[in-house]
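Report on one structure; see the data block that follows.
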């Protein structure tokens with residue numbers, strides 16, 4: 001079917017002529033976009049693989065550091081155990097030393113006390129037995145007196161011991177607990193028992 005446009009030229013709708021340069025530019029841009037898309041996919045894959053490889057290497061490195069730290073920790077645990085054992089032994093030794101020092105401070109020098117007993121012993125009085133325990137000292141002795149002053153001699157011994165400050169500081173009391181008389185070869189002998197209680201330490 002043939003169409004005839006009878007309108008004057010100035011009223012006719014003019015169709016734009018196609019510019020061949022524009023078509024070439026548009027086709028070039030489309031081609032470039034397609035090429036960029038084609039090359040972008042492998043580039044992204046390469047980046048993804050490189051990132052994956054980097055994180056794998058980082059993970060292996062961190063695992064190696066963790067193994068090394070665990071090994072060091074085990075070595076330190078052995079050393080810590082040895083140090084704890086040493087500290088326990090040292091602590092026990094220190095406690096023993098403290099106990100010994102305390103006992104040394106609290107000790108009673110019995111040699112001095114026995115010396116005091118011998119120094120204050122009146123004539124006619126002698127000791128037969130001396131027994132020590134943790135609480136007291138028990139002295140069994142005998143006395144002879146031609147003037148029948150056995151009791152006075154024992155009291156003199158007790159007074160002399162109480163007057164001795166060095167001797168008395170270790171005892172809370174020193175008393176006559178028992179006395180019996182007997183005859184030997186025509187002489188009267190009095191057997192006595194003295195008990196001295198140690199002061200608590």
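The values are calculated or read from the model by the stated rules, or taken from the named source; none is laboratory data. This is a predicted model, so every value here is computed, not measured. Glycine also receives a Cβ, built like all others from the backbone with ideal geometry; neighbour counts cover every protein chain displayed.
Observations on the model:
- Enumeration of residues in region 170-182 that are more than 13 Å from residue 195 (Cβ to Cβ) and at pLDDT below 85: 170
- One residue alone among 123, 163 is under 15 Å from residue 196 (Cα atoms) and out of contact with any strand residue (DSSP E or B) (no Cβ under 6 Å at 6 or more places or on another chain), and that residue is 163.
- For region 166-190, the candidate set comprises residues that are free of Cβ contacts under 8 Å to residues at least 40 places away in the same chain and outside any strand (DSSP E or B); within that set, the residue that is nearest to residue 117 (Cα to Cα) is 168.
- Filtered residues of region 109-132 (kept if under 15 Å from residue 174 (Cβ atoms), within 47 Å of the chain's Cα centre (by Cα) and not in a helix (DSSP H, G or I)): 130, 131, 132
- Residue match in region 150-165 (condition: in a helix (DSSP H, G or I) and touching a helix residue (DSSP H, G or I) at 6+ places or on another chain (Cβ under 7 Å)): yes
- When 92, 101 are screened for being modelled with pLDDT under 85 and closer than 30 Å to residue 132 by Cα, only 101 passes.
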